[in-house]
1. Can you tell me which residues in the range 103-119 are within 25 Å of A194 (Cβ to Cβ) and either under 12 Å from the mean Cα position of the chain (by Cα) or buried (at least 24 other Cβ atoms within 10 Å of the Cβ) (or both)?
2. Within the group S107, S90, which residue is in a loop (DSSP other than H, G, I, E, B) and either in contact with a Cys (Cβ under 9 Å, 6 or more places away or on another chain) or within 27 Å of P34 (Cα to Cα) (or both)?
3. Do you know which residues across the range 64-87 are open to solvent by 20 Å² or more (accessible area, probe 1.4 Å) and closer than 17 Å to G145 by Cα?
4. Restricting attention to the range 42-100, which residues are basic (K, R) and more than 19 Å from the chain's Cα centre (by Cα)?
5. Does Q181 satisfy being assigned to a strand (DSSP E or B), polar (S, T, N, Q), open to solvent by 10 Å² or more (accessible area, probe 1.4 Å) and in contact (Cβ under 8 Å) with a residue 12 or more places away in the chain?
6. Mind checking whether some residue in the range 194-201 is touching a residue at least 24 places away in the same chain (Cβ under 8 Å), under 15 Å from R129 (Cα atoms) and outside any helix (DSSP H, G or I)?
7. In this structure, does I224 turn out to be under 25 Å from S157 (Cα atoms) and in contact with a strand residue (DSSP E or B) (Cβ under 9 Å, 6 or more places away or on another chain)?
8. Which is touching a residue at least 24 places away in the same chain (Cβ under 8 Å), in contact with a Pro (Cβ under 9 Å, 6 or more places away or on another chain) and either open to solvent by less than 30 Å² (accessible area, probe 1.4 Å) or of a type in the set (D, E, K, R) (or both), of D258, D225?
Amino acid sequence: MITKPCPLPRRRAVLGTLLAGAALPALAQVSRVPVDRPDDNPRWQALRRDMFGGRSVRSPADDLIRLEAPTRADDGAVVPIAIRVQQPQSPERYVKRIVLVIDQNPSPAGAVFYFTPDSGRAEVETRVRIDDYTHVRAIAEMNDGSLHMAVRHVKASGGCSAPPGKDPQAALATLGRMKMQVVGALADGQPAMAQLMISHPNHSGMAMDQLTRLFTPAHFVRRIDVTYAGRLVFAADVDFTISENPHFRFDFLPRGNDGELRAVVVDTEGKTFVSTLPVRAAP
């Protein structure tokens with residue numbers, strides 16, 4: 001369902017700020033960094049200063065956060081990744097946000113995912129574009145302000161400038177259609193997985209139309225908010241780093257009553273798309 005256009009949300013508009021400042025040295029060509037020395041990348045060092053100042057970032061942090069990604073991607077435009085936190089969300093200790101950084105991408109700070117205690121687990125699975133051999137990072141910020149990072153090296157190329165996989169006119173015809181579903185069985189008080197699929201071309205602005213020889217203007221999903229029974233369980237500020245037809249898996253915490261999952265998606269043209277899914281309580 002498409003509602004009237006609305007301005008992009010200002011609440012927690014972290015990603016735009018990061019890209020405005022942190023991408024300055026990142027736009028310059030940087031030679032590939034040795035696989036076993038991820039901290040040597042000047043792009044990452046600049047991003048780290050802009051995002052976190054002088055705060056300590058613990059890495060490796062496998063006891064808290066893990067990043068799953070292929071060592072070599074079959075297609076740089078559609079690289080599956082999963083970020084998993086190794087502890088449940090609780091009011092006393094929880095992950096507030098996870099920043100996804102892909103060092104060698106044109107927009108290295110490509111996504112910020114937000115979680116709450118009502119998320120149950122701080123996990124997200126999605127598909128991303130990767131433009132060159134690179135280190136991929138997931139930095140979790142806890143509610144106490146501590147930072148913990150997982151790093152993987154991925155061999156992929158050309159993902160940000162790859163042509164769309166779907167005819168542009170057909171893509172526009174289904175723009176904003178969403179499908180949301182619960183994955184697996186529900187159990188009261190136990191984290192449950194949900195899946196959100198969005199029909200959207202997510203144009204990066206870097207792909208050339210093979211007929212006109214012109215670059216297709218950037219047009220992509222910018223913001224996602226998902227609530228369950230009126231309470232935020234998952235949100236994201238993203239850019240064209242996320243692949244065409246964005247796909248997210250995340251968790252929420254059923255609490256015994258029937259509720260509704262509600263997803264609100266906003267793109268860079270200010271179009272707002274809404275999808276709802278009634279969720280029945282477990283017996």
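1. Here is the first cut: in the range 103-119, the ones within 25 Å of A194 (Cβ to Cβ) are 110-119.
Across the range 103-119, the qualifying residues are G110, A111, V112, F113, Y114, F115, S119.
2. Exactly one of S107, S90 is in a loop (DSSP other than H, G, I, E, B) and either in contact with a Cys (Cβ under 9 Å, 6 or more places away or on another chain) or within 27 Å of P34 (Cα to Cα) (or both), namely S107.
3. Listed by number, the list holds a single entry, Q87.
4. Passing the criteria: R43, R49, R55, R58, R72, R93.
5. Working: assigned to a strand (DSSP E or B): yes; polar (S, T, N, Q): yes; open to solvent by 10 Å² or more (accessible area, probe 1.4 Å): yes; in contact (Cβ under 8 Å) with a residue 12 or more places away in the chain: yes.
Answer is yes for this residue.
6. Looking through the range 194-201, at least one residue is touching a residue at least 24 places away in the same chain (Cβ under 8 Å), under 15 Å from R129 (Cα atoms) and outside any helix (DSSP H, G or I).
7. Judged against the criteria, I224 is not a match.
8. Details: D258 fails: touching a residue at least 24 places away in the same chain (Cβ under 8 Å).
Going through D258, D225 in turn, just one is touching a residue at least 24 places away in the same chain (Cβ under 8 Å), in contact with a Pro (Cβ under 9 Å, 6 or more places away or on another chain) and either open to solvent by less than 30 Å² (accessible area, probe 1.4 Å) or of a type in the set (D, E, K, R) (or both): D225.
The values are calculated or read from the model by the stated rules, or taken from the named source; none is laboratory data. Just so you know, these numbers come straight off a predicted model, no measurement behind them. No Cβ is skipped: glycine too gets one built from the backbone with ideal geometry, and neighbour counts run over all protein chains shown. With ligands, DNA and RNA removed, areas are computed over all heavy atoms of the protein, side chains included. Shrake-Rupley method; radii C 1.70, N 1.55, O 1.52, S 1.80 Å.
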